[in-house]
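Below: the structure, in structure tokens.
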Amino acid sequence: MILQIKNLSIYIDDRIVLDSINLDVKKGSTTLLLGKNGAGKSTILKSVIGFRFSKFFGDIFFENEKISDLKINEIANRGVFLQFQNPPEIEGVGFLKFLKTAYDENFEFEKKRFEILVKNKKILTNRLDEEKTRFKKFLNITEFKKFCIEEIKRFDLPIDFFGRSLNEGFSGGEKKVSELIQMIILRPKFVMMDEPDSGLDVDMRKKFLSVLRKMKKEFDTTFLIVSHYMDFSLQLLPDKVFVIENGKNFLEGEKDLIKKISSVGFENL
Ligand code: ADP
Ligand code: MG
């Protein structure tokens, strides 16, 4: 399991929002989180990436390491990525500069982690090669831009964002592309997406699905996705589906469960 949520309970303003949630995500899988509006789906994703609520019980483990005490940047550095439902517009922060800063911070983190593992002889010799390939090469800004352009082209996405500020004045669709570009450059191990299907036109939806498939194939990326549309949920080819209701685990299943929700709705499950 890449992610394990154990008995997670969260109160906001003394109201229980998550009530003993348990959720496991298998490495390399696509897992869906479904449920009515206000069920607690976004709160689950936010708590994984490191939003901390005043009353928080339970534990969250990423690759068997407890992350529920860590800060957002520490969690992101371990390879966790949250695609926002409404990505913020950040005036004055260039898109390329932003990408490079995130890439470098992760590079430094991986480098230190790798050195500590080697020093403590914690890496089994047969895993050394695997660790080395994950360990990215430091790139100067020119090399980095070249790397970005090659990757973006390879994934068939537009490359005209570099001269612009992060998400500033981007259309809804462009914001989604901006997040896809961040994903393919930073190559997180674990991607959480909060309603990525909202505001996608047919062509963007196709592109989106093809980027996801390519990331899974090439980088073995694991996805945890909140979705509202059952046909899109089916197109994601999920390995596992969790339904959340009133902040509680309600049902677990596979693709058939989506078909059922699609025909009877959440109310009559
Ligand atoms: P979902 O994503 O499933 O629609 P959320 O996780 O966003 O649901 O919200 C779950 C519940 O928690 C809702 O009732 C929502 O109003 C409440 N909630 C979430 N965040 C806050 C907050 N910052 N302040 C007050 N209530 C909140
Ligand atoms: Mg939500």
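The values are calculated or read from the model by the stated rules, or taken from the named source; none is laboratory data. On a predicted model such as this, the values are computed, not experimentally measured, just so you know. Cβ coordinates were reconstructed from backbone atoms using ideal geometry, including for glycine residues, and neighbour counts include every protein chain displayed.
When we screen F190, F242 for residues that are of a type in the set (F, W, Y), under 28 Å from N268 (Cα atoms) and modelled with pLDDT of 90 or more, the only hit is F242.
Within the range 12-24, residues that are within 23 Å of M192 (Cα to Cα) reach partners that are away from ligand 1 (no atom under 11 Å from the Cβ) and in a loop (DSSP other than H, G, I, E, B) with beta carbons closer than 8 Å, at six or more positions or on different chains, in the pairs D24/M1. Only one of these is modelled with pLDDT of 95 or more, under 18 Å from the mean Cα position of the chain (by Cα) and not aliphatic (A, V, I, L, M): S68, S9, S20. Name it. Answer to the selection: S68.
Counting only residues that are surrounded by fewer than 20 Cβ atoms within 10 Å (Cβ to Cβ) and away from ligand 2 (no atom under 15 Å from the Cβ), the range 6-34 holds 16 of them. Here is the figure for the range 222-260: residues that are surrounded by 17 or more Cβ atoms within 10 Å (Cβ to Cβ) and touching a Pro at 6+ places or on another chain (Cβ under 7 Å) total 1. At least 2 residues being in contact with a Leu (Cβ under 7 Å, 6 or more places away or on another chain) is the threshold, and among the strands (runs of 3 or more DSSP E) wholly inside the range 162-269 those reaching it are 190-194, 222-226, 240-245. Could you list, in sequence order, all residues of the range 7-20 that are over 11 Å from T43 (Cα atoms) and in a strand (DSSP E or B)? Answer for the range 7-20, where residues must be over 11 Å from T43 (Cα atoms) and in a strand (DSSP E or B): N7, R15, I16, D19, S20. Of the residues F208, F190, the single one that is among the aromatic types (F, W, Y), over 23 Å from E105 (Cα atoms) and more than 16 Å from ligand 1 (Cβ to nearest atom) is F208.
Residues that are within 16 Å of ligand 2 (Cβ to nearest atom) and not charged (D, E, K, R) were ranked within the range 188-219; the one that is farthest from the chain's Cα centre (by Cα) is G199. Confirm whether I60 is within 14 Å of ligand 1 (Cβ to nearest atom), among the β-branched types (V, I, T) and over 13 Å from the mean Cα position of the chain (by Cα). So I60 fails the test. Here L8, L18, L3 are screened, and the one residue that is within 13 Å of L224 (Cα to Cα) and hydrophobic (A, V, I, L, M, F, W, C) is L3. When the criteria are applied in full, L237 meets the requirement of being touching a residue at least 12 places away in the same chain (Cβ under 8 Å) and in contact with a strand residue (DSSP E or B) (Cβ under 8 Å, 6 or more places away or on another chain).
Yes/no per residue for (1) within 20 Å of F250 (Cβ to Cβ); (2) in contact with a strand residue (DSSP E or B) (Cβ under 8 Å, 6 or more places away or on another chain):
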| residue | (1), (2) |
| --- | --- |
| L8 | yes, yes |
| S20 | yes, yes |
| L23 | yes, yes |
| G28 | no, yes |
| K36 | yes, yes |
| V48 | yes, yes |
| S68 | no, yes |
| I72 | no, no |
| G79 | no, yes |
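If you check S171, S198, S178, S165 for being farther than 27 Å from L18 by Cα, surrounded by fewer than 18 Cβ atoms within 10 Å (Cβ to Cβ), out of contact with any Asp or Glu (no Cβ under 9 Å at 6 or more places or on another chain) and polar (S, T, N, Q), only one passes: S171.
With respect to V93, is the statement that it is aliphatic (A, V, I, L, M), over 27 Å from D220 (Cβ atoms) and out of contact with any Asp or Glu (no Cβ under 8 Å at 6 or more places or on another chain) true? It is true that V93 is aliphatic (A, V, I, L, M), over 27 Å from D220 (Cβ atoms) and out of contact with any Asp or Glu (no Cβ under 8 Å at 6 or more places or on another chain).
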